[in-house]
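A.B. asks: I'd like to ask you about the structure that follows.
Taken together, the values in this text are just the output of simple stated rules run on the coordinates, not laboratory data. This is a predicted model, so every value here is computed, not measured. No Cβ is skipped: glycine too gets one built from the backbone with ideal geometry, and neighbour counts run over all protein chains shown.
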Amino acid sequence: MLDISVAYNRYKFIGNEFLTWLWFMIDNEPNRLFTTPDENREIQIGSRIVIEKGIENTVEKITIKGDDAGLEEGIMALRKGALVTEIHLVYKENELTWAFTVKGESLNLSNLKLPETGPMESKEDLEAAVLDRIYLYEKALIAVQSLFGRFIQLRVSNDWRQQVIPAIKKWIAA
Amino acid sequence: MGLLSSSVSITRYFVKGEINGPTIETVHGGLQKFAISKLDNDESVETISGWTSLEHPYNADFDRDTYLFGNYFVFCLRMDKKSISSRIVKKHVTLEINKRLAESKREYLSKNEKKAVKEDVLLLLAKRIPATPNVYDVVWDYEKRSLWFFSNLKAANEELETLFTKAFNLHLIRLFPYTSALYGGTELPDEKMDQLGNLSATFFME
């Protein structure tokens, strides 16, 4: 395996392509994002999206914020060759809601907010509270890893070039 | 920000290697051996880090405190740092230089003397200023070789990686896009690994 820091820098683009693909899928084929139909799962764009384009040694960055913000400027930036580098997502599973930001280059989650859980009333509640929260964190992390897993399978397949790239190009040109 | 906070940041890791011997006892030993000591009593050190417990982050005792929750090891990395403002250092260095000039009846100090004054001042200030603690939670699922660290800060992540190896003789591999494809839980089949290594950036614009 490659040295970790070399791999981090060399393949940063994979995470940004993942987030760009994710936006495309949410916008166009949201029902095909999760492959297991037995659970009621959906994901939506939240209140923030960061799009960047590297030009020689400089970076052009657009941040779109707000719950009802229009994403047209973001699409325009994609048309110029930019990619999504950070996205705020709202994930829903069986009437529970998570919100978090994913960064493309690291796949780190930040500002992760879990569905409401009851207050901890005593020291004895600590173990239950910790296990409850671990269960809920795991749900969000599994959702992101499952989306990334789906993306990476596609990314190394011929379908990426033959089907996905033309479809994304069509979407951003529309 | 800890796992019980209302909003958290998480960095994911794959844990490489296996514990030789009984798992719980070995983890207990690693936590005890590298538990944080009291920096306030060790006056000359600027930064210190070590494990602490979720229950008592400022007064941990792994013989008393719980670190096993269900199948998970849950504990914390604490980093205590004495932060001394550069303006405070500048003020005290200037005062000390003036004092030494007056005592020696000289007009200036040499470069080496000024450097020595600064070192003395830093040592003196480090003794007076209390350390600021930062506590970051760790959730480790030994069976699944998965670890979550509740911070995205570079310095905290680097300290975790170093301390974890020292304490448990295991290596943490941070899960970012490339390593997620290898160890993230939805790994690519072997025949696709070469293709992953040969990927180059896609350009979506016309």
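A.B. asks: Listing B:H28, A:H88 from the residue with the fewest other Cβ atoms within 10 Å to the one with the most, what is the order?
C.D. replies: B:H28, A:H88
A.B. asks: What number in nm² do you get for the stretch B:149-206 if you take the convex hull of its Cα atoms and divide its surface by four?
C.D. replies: Quarter of the Cα hull surface area: 6.5 nm².
A.B. asks: May I pose another question? Strictly greater than 28 Å: what percent of every Cα pair in chain A meets that?
C.D. replies: Counting every Cα pair in chain A, those more than 28 Å apart make up 29 percent.
A.B. asks: Mind sorting B:R106, B:R145 by how few other Cβ atoms lie within 10 Å of their own Cβ, fewest first?
C.D. replies: Listed from fewest to most nearby Cβ atoms, that is B:R106, B:R145.
A.B. asks: Which whole number in µm²/s is D for the stretch B:100-206 by Stokes-Einstein, with the Kirkwood Rh taken over Cα pairs at 20 °C and 1.002 mPa s?
C.D. replies: Roughly 109 µm²/s, to the nearest whole number.
A.B. asks: Sort A:M76, B:M79 so the one with the fewest other Cβ atoms within 10 Å of its own Cβ comes first.
C.D. replies: A:M76, B:M79
A.B. asks: Further question: As an exercise, find the ratio Rg/Rh for the stretch B:41-129 from alpha-carbon atoms, using the Kirkwood inverse-distance average for Rh.
C.D. replies: 1.28
A.B. asks: Taking the Cα centre of chain A as origin and charging only Cβ (+1 Lys, Arg; -1 Asp, Glu), how large is the dipole, in debye to the nearest 20?
C.D. replies: So the dipole magnitude of chain A works out to roughly 920 debye.
A.B. asks: Now a separate question. Using only the alpha-carbon atoms, what does the protein assembly as shown span along each of its principal axes? Please give whole angstrom values in decreasing order.
C.D. replies: Here the Cα extents, ordered largest to smallest, are 81, 54, 42 Å.
A.B. asks: Toward the positive end of the charge dipole of the protein assembly as shown, about the Cα centre and with charges on Cβ (Lys, Arg +1; Asp, Glu -1), which of B:W51, A:M76, A:W21 goes farthest?
C.D. replies: Result: A:M76, furthest along the dipole toward the positive end.
A.B. asks: Also, I was wondering about something else. Within 10 Å of each Cβ in peptide B:181-187, how many partner chain Cβ atoms are there on average? Round it to a whole number, please.
C.D. replies: The per-residue average across the peptide is 6.
A.B. asks: Compute the distance in nm between two label points, each set 7 Å from the Cα along the Cα-to-Cβ direction, one at B:Q195 and one at A:E95.
C.D. replies: So the two model labels end up 4.2 nm from each other.
A.B. asks: Here is a further query. Of A:W171, A:Y135, A:L154, whose Cα points farthest to the positive end of the dipole of the stretch A:104-174 (charges on the beta-carbon: +1 Lys, Arg; -1 Asp, Glu; origin at the Cα centre)?
C.D. replies: Among A:W171, A:Y135, A:L154, the one farthest towards the positive end of the dipole of the stretch A:104-174 is A:W171.
A.B. asks: How many times 2.2 N^0.38 Å is the alpha carbon radius of gyration of the stretch A:20-123?
C.D. replies: 1.26
A.B. asks: Let me ask something else. Explain nothing, just the number: dipole magnitude of the protein assembly as shown about its Cα centre with +1 on each Lys and Arg Cβ and -1 on each Asp and Glu Cβ, in debye rounded to the nearest 20.
C.D. replies: Dipole of the protein assembly as shown, to the nearest 20 debye: 1920 debye.
A.B. asks: Moving to a separate point now. Could you give the length gained on full extension between A:V6 and A:V59, defined as 0.36 nm per residue of separation minus the Cα-Cα distance, in nm?
C.D. replies: Difference between extended and current length: 17.0 nm.
A.B. asks: Under DSSP H, which helices of chain A have Cα atoms covering 27 Å or more of the helix axis and a Kyte-Doolittle average no less than -0.5?
C.D. replies: Those that pass (Cα extent of 27 Å or more, hydropathy at least -0.5) are A:125-155.
A.B. asks: Moving to a separate point now. Give the value in nm², to one decimal: projected area of the alpha carbon convex hull of the stretch B:1-152, averaged over all directions.
C.D. replies: The Cα convex hull of the stretch B:1-152, projected and averaged over all directions, gives 12.5 nm².
A.B. asks: Testing the spin-label approximation: label points 7 Å from Cα along Cα→Cβ at A:Q162 and B:K90. State their distance in nm.
C.D. replies: It is 6.6 nm.
A.B. asks: Right, another one. So for the pair B:L123, A:N111, with labels modelled 7 Å out along Cα→Cβ, what separation do we get in nm?
C.D. replies: In this crude label model, B:L123 to A:N111 measures out at 4.7 nm.
A.B. asks: If you place +1 on the Cβ of every Lys and Arg and -1 on the Cβ of every Asp and Glu, how big does the dipole about the Cα centre of the stretch B:73-206 come out, in debye to the nearest 20?
C.D. replies: 1520 debye
A.B. asks: 222 nm [θ] for the protein assembly as shown, helices only, -39500 (n - 2.57) per DSSP H run of 4+, per residue, to 500?
C.D. replies: Result for the protein assembly as shown, helices only: -12500 deg cm²/dmol.
A.B. asks: Determine the equivalent ellipsoid of the stretch A:2-44 by diagonalising the alpha-carbon gyration tensor, then write out the semi-axes as square roots of 5 times the eigenvalues, largest first, rounded to whole Å.
C.D. replies: They are 29, 13, 6 Å, listed from largest to smallest.
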